[in-house]
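Just so it is clear, none of the values below were taken in a lab; they were calculated from the coordinates. Quick caveat, the model's predicted, so the values are computed rather than measured. Quick reminder, even Gly has a Cβ in these numbers, built from the backbone with ideal geometry, and neighbours come from all protein chains shown.
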Amino acid sequence: MGAVELLSDPSSLYTVDYVDNVDLSDTDLVQTVRKALTSVKTGDSDLYSELVGVINKDIREFKDPDAVAQLETVLKALSGSVACIDIVHHQKLLSSLFGMKLWDHRPVVMDALVNLVISLAVTRGKYLDPCLNMLVSNFVPPPSVVNNLSHPRVLNKKIEVLSRVHAALLKISILVPLTPSRLVPMLFLEMPKIHKKDHSIVIYVESLLKLENSPIGQVGGSMILGVVMERLRDLDLEIGWDDIPQDDSSRGMFDMELEDAVEGTINEGDELPVGPLKQDSSDGSVVSKLLDKLMVVAFEHLESCQNDGRLDQVFEILLESFENFILNTYKSKFTQFLMFYACSLDPENCGVKFASKLVEIFLSSNKHLSTRMSAVAYLASFLARGKFLPVSFVASMLKRLIDECVGYCRTCNDDIRPEAHQIFFSGCQAIMYVLCFRMRSILDVPRLRSQLTPLESILMHKLNPLRVCLPSVVAEFLRQAKAGGLFIVSDSFIFDDLLESELSRAFGGCERLDTFFPFDPCLLKTSNSFISRNFIYWSMVSATYDEDEEDDDFDAEVIVNGDEDSDEGDEADLDYALNKMSITPKHSFKNKMERDRLLRMPSRIRPSTSPESL
């Protein structure tokens, strides 16, 4: 039988015994394929064109079992002929091979194609990059797969393809040691662009994290984790604040904590005025659902790392990525919970490292002002919300902040402009915020209580942090401090304009000290199911005061321009009173609901927003 007949007659091309029972390198078929490859150099391309034609058939033709078997056999024959493939003379063949998608073919063809790609990659070094690119491109499924992942047949196809790609990459990396260094940059280039808001990026990230957990990750693992965190951040930033309800300036920060009072979770039946959880087609909603899935993939990867004993190693990489990509990112709403969850899996190592790193950044005079302020905001939120953190550790972190503030008070100059002391005020606000959540547990331990003693001198300093820090935090802190007997002379804590002082605004628009508590309740439903089990919601806090105590017990006294007898019937006077108010509690406001809001931290808290300066 002639060579052309061998390629044209399917019955001879894929005879089972002929292919399976004989070493392909010694068969007539392999010799014919080699002849087709070498004949191109002499100008005879007929046989070569037929060979390429078998690969280039329309995908619909491969529904025919004969066409499938023919393609399988040709690919196997090419695997035994890679030494004859030339990058110059066989560009058309190579282009066809590297353009093939595993997703389009049956398992027998997938196996033959993968084996050919492996042979090319390990036999001829110049083919390594295109072979790796071809394999990586198969991490991104076609739309027909992305849109139908709920179907068992499609899900099985995903497993068939991706398992073969991972196995091929691992085998090539073993046989060609420089593979990881060549592969990792390609992974970033091939990652679906941020504007592709479909499940393909979830599948891609799953594949990346699987590589990180393989021998390839020993070389490129840090870069893989870094790019995953960076991409999560990018998606996070696409969820605009318009998709999330903003703080109402007329309400306190602790008015609307979105969590179930019993379960401590956000349930599907709850009425949540939150863009990312709405069932609509807006970009914010689509991206938030996508980010939710990606966060879950990342959480599950962290659990796998813990089970494999690699969490401590992986956390070091995450910590570096956090500092590079998240810490100074304005409007990061959810990505930071990767750090929170990793710390919850290993509080003694990861939790301690994270808090210590944040303190280190805050205390570092070499860091930018906004970086230091962001670090202490993260620290405060972490210490307040981490159920897994022992109270003794929380107290030790607070002591470091208190000691720093005491030192600052001793050395500060006579300049009392708030903008000149932002670091000091951010430290004070962090201390008070943590104590809103942890004061009772700390005061119950005499040794820990004594560590808070210097705090009174800080708050009584001429810089008057109580006038600059967030009024709702200050109000709740003072209420608990008085009820818990934290200060000997608690009545001396009088501050102007509890609603929003002029000094609080003095930072100038985006520069002011604001409500930046990055670990407020996570509004991504599925992600929150991982977080909530180790998260302190406000409804869980045991305050130092009795929630049912009489209003008069808090001694509210409103002093307006030194006159306690302001005309309560005059609306303008009331507005002025609210704007110039000092409080050492005794009388109620005209609006009792407003007074209650200011003087206590309600059971439901609204997640905070980040200051634009960051």
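Just so you know, the Cα atoms of region 341-401 work out to an Rg and Dmax of 11.3, 32 Å. Assuming R0 = 41 Å, what is the FRET efficiency of Arg182 and Asn366, from their Cβ-Cβ distance, to the nearest 0.05? Efficiency for this residue pair is about 0.65. Peptides 373-380, 75-82 ranked from most to least packed give 373-380, 75-82, packing being the mean of other C-beta atoms within 10 angstrom over each peptide's residues. For the listed residue pairs Lys293/Lys367; Lys333/Lys482; Lys63/Lys289; Lys293/Lys331, the alpha carbons are over 26 angstrom apart in Lys293/Lys367; Lys333/Lys482; Lys63/Lys289.
What the Cβ-Cβ distance of Val88 and Glu323 gives, at R0 = 51 Å and to the nearest 0.05, is a FRET efficiency of 0.60. Other residues within the sphere of radius under 14 Å centred on the Cβ of Gly407, judged by their own Cβ, net out at +1 (K and R +1, D and E -1). Excluding Asn307 itself, calculate the net charge of residues whose Cβ lies under 14 Å from the Cβ of Asn307, where each Lys or Arg counts +1 and each Asp or Glu counts -1. Charge balance near Asn307 sits at -4. Sorting 398-407, 420-429, 198-207 by average packing, meaning the other beta carbons within 10 Å per residue, from highest down gives 420-429, 198-207, 398-407. For the residue pairs Lys76/Lys157; Lys76/Lys126; Lys126/Lys171, alpha carbon separations beyond 19 Å are given by Lys76/Lys157; Lys76/Lys126. What the Cα convex hull of region 106-193 gives, in volume per residue, is 89 Å³. Between the amide H of Phe535 and those of Lys387, distances stay under 5 Å, these residues lying 5 or more places away or on another chain, with hydrogens modeled in the peptide plane.
Label-to-label distance, Asn133 versus Asp64, with points set 7 angstrom from Cα along the beta-carbon direction: 3.2 nm. Modelled spin labels at Ser441 and Asp104, positioned 7 Å past Cα toward Cβ, are 5.9 nm from each other. Once the C-beta distance of Arg310 and Asp28 is scaled by a Förster radius of 56 Å, the resulting FRET efficiency is 0.65 to the nearest 0.05. Compared with the direct C-alpha span, the chain from Ser356 to Asp234 gains 41.3 nm at full extension, assuming 0.36 nm per residue.
The packing ranking, built from the mean of other Cβ atoms within 10 Å per residue, places the peptides 443-452, 381-390 in the order 381-390, 443-452, highest first.
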